[in-house]
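The values are calculated or read from the model by the stated rules, or taken from the named source; none is laboratory data. These numbers come from a predicted model, not from an experiment. Methodologically, a virtual Cβ is constructed for each residue, glycine included, from the backbone with ideal geometry; neighbour enumeration extends over all protein chains shown. Ligands, DNA and RNA are excluded from the accessible area calculation, which covers all protein heavy atoms including side chains. Shrake-Rupley method; radii C 1.70, N 1.55, O 1.52, S 1.80 Å.
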Amino acid sequence: MRLLHTMLRVGDLQRSINFYTDVLGMRLLRTSENTEYKYSLAFVGYTDESEGAVIELTYNWDVNSYDLGTAYGHIALGVDNVAQTCEDIRNAGGNVTREAGPVKGGSTIIAFVEDPDGYKIELIESKHAGQGLGN
């Protein structure tokens with residue numbers, strides 16, 4: 001088995017595509033629409049779906065927002081330099097909600113940002129992040 005994707009329901013598909021591609025540096029991999037059931041999908045990621053997990057953005061037509069609930073945690077991205085990545089995200093119009101610094105009770109450098117729908121994204125400093133954001 002292998003992890004294929006994480007699905008997030010979004011209130012504005014193009015706004016979310018712009019955030020994940022322009023702010024987080026992912027690529028738009030594919031899109032589709034289902035007119036019968038009134039939803040649109042966009043898949044974004046740093047690698048092709050055959051190589052790694054991606055994010056499926058689901059827009060249910062005429063639904064502008066969702067209650068995120070208390071069960072959802074976050075998506076985690078490995079980056080080379082968390083502080084610089086926060087600055088890059090902020091400069092691109094993104095919302096940094098926790099500045100770069102050590103995780104409570106540890107030494108790993110982390111930060112948090114939010115996408116336009118309020119989903120949390122953790123940035124974890126890894127000198128070997130190797131792909132996407134922060135290189």
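Hey, can you tell me all the residues within segment 81-96 that are free of Cβ contacts under 8 Å to residues at least 60 places away in the same chain and either touching a Lys or Arg at 6+ places or on another chain (Cβ under 7 Å) or surrounded by 11 or more Cβ atoms within 10 Å (Cβ to Cβ) (or both)? Before you say what the answer is, go through the steps one by one.
From segment 81-96, those free of Cβ contacts under 8 Å to residues at least 60 places away in the same chain are 81-88, 90-91, 95-96; that's our starting set.
Of everything in segment 81-96, those that are free of Cβ contacts under 8 Å to residues at least 60 places away in the same chain and either touching a Lys or Arg at 6+ places or on another chain (Cβ under 7 Å) or surrounded by 11 or more Cβ atoms within 10 Å (Cβ to Cβ) (or both) turn out to be ASN81, VAL82, ALA83, GLN84, THR85, CYS86, GLU87, ASP88, ARG90, ASN95, VAL96.
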Taking the criterion of being open to solvent by less than 50 Å² (accessible area, probe 1.4 Å), outside any strand (DSSP E or B) and either more than 20 Å from LEU4 (Cα to Cα) or touching a Lys or Arg at 6+ places or on another chain (Cβ under 9 Å) (or both), would at least one residue in segment 28-47 satisfy it? yes
Would segment 66-76 turn up any residue that is part of a strand (DSSP E or B) and either without any contact (Cβ under 8 Å) to a residue 60 or more places away in the chain or not basic (Lys, Arg) (or both)? yes
For segment 97-116, enumerate the residues that are in contact (Cβ under 8 Å) with a residue 12 or more places away in the chain and not aromatic (Phe, Trp, Tyr). THR97, ARG98, GLU99, ALA100, THR108, ILE109, ILE110, ALA111, VAL113, GLU114, ASP115, PRO116
Show the residue pairs that are 6+ apart or on different chains and have beta-carbon atoms under 9 Å apart, the first residue being within segment 1-30 and under 13 Å from GLY45 (Cβ atoms), the second being assigned to a helix (DSSP H, G or I) and among the charged types (D, E, K, R). GLY25/ASP88
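Residues checked against (1) crowded, with 17+ Cβ neighbours inside 10 Å; (2) modelled with pLDDT of 95 or more:
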{"residue": "GLY69", "(1), (2)": "no, no"}
{"residue": "VAL79", "(1), (2)": "yes, yes"}
{"residue": "ARG98", "(1), (2)": "no, yes"}
{"residue": "VAL103", "(1), (2)": "no, no"}
{"residue": "ILE109", "(1), (2)": "yes, yes"}
{"residue": "ILE121", "(1), (2)": "yes, yes"}
{"residue": "ILE124", "(1), (2)": "no, yes"}
